[in-house]
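Q: Just dropping this structure here.
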């Protein structure tokens, strides 16, 4: 049985129904959770996030590998056995939806959204099926994802929930995610120290208030606002 049939039985709900391309490649970002952010879904997490066509953002948690393989989820789908990486927990939104980040220089199928150069995000069942069959190890597969309404992610960054780093393909497809959050956190702290020495980075598009919120205060009770 093709994965197409198996996935069709899930309660899949993509965050949009039409294909779209991010307006700016550099708009994709890595989000590093503040050390005091205690939400269980996001504690010590690193997320990949990119603009969606509705003015919001969409992304996945990068450093939550599960112990399940794609073939264990779909044992009757022979091509799934070619996928060597584990399935990742992508986030709490639509937890029965399979999402793929695909490393390719062209759209891997209908409805795939280009999120940065040589990287597409796919939600549609047909497209994910094609990716597994044609380029299984050029993709990461996630169960669930994370979504933000227009302006919501900006507000969370200003509240200090996330520190922001440039998106990096090597990080997205890193083989061993253990220690990723600690490494990214240290990187944000080095950036903070550099900006404290030179002044805030408003000339580079990062207001002082964002840096102050991202690195100061006690956020132990901060939670993502309920949907």
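Q: Which parts of the range 153-193 would a label at residue 118 reach, counting a residue when its backbone N lies under 15 Å from a point 7 Å out along Cα-to-Cβ?
A: 167-174
Q: With label points built 7 Å along Cα→Cβ from the Cα atoms of residue 133 and residue 106, find their separation and express it in nm.
A: Here the answer is 1.7 nm between the modelled labels.
Q: Let me ask something else. Pull out the extension gain between residue 158 and residue 96, defined as 0.36 nm times the separation in residues minus the alpha carbon to alpha carbon distance; nm, one decimal.
A: 19.2 nm
Q: With the contact rule set at Cα under 8 Å and sequence spacing of 6 or more, what percent relative contact order holds for the range 89-189?
A: Across the range 89-189, relative contact order equals 29 percent.
Q: Given points 7 Å out from each Cα along the Cα-Cβ axis, report the residue 39 to residue 84 separation in nanometres with one decimal.
A: Between residue 39 and residue 84, the label points sit 3.4 nm apart.
Quick note: the coordinates plus some simple rules give every number you see, no bench work behind them. Quick caveat, the model's predicted, so the values are computed rather than measured. Cβ coordinates were reconstructed from backbone atoms using ideal geometry, including for glycine residues, and neighbour counts include every protein chain displayed.
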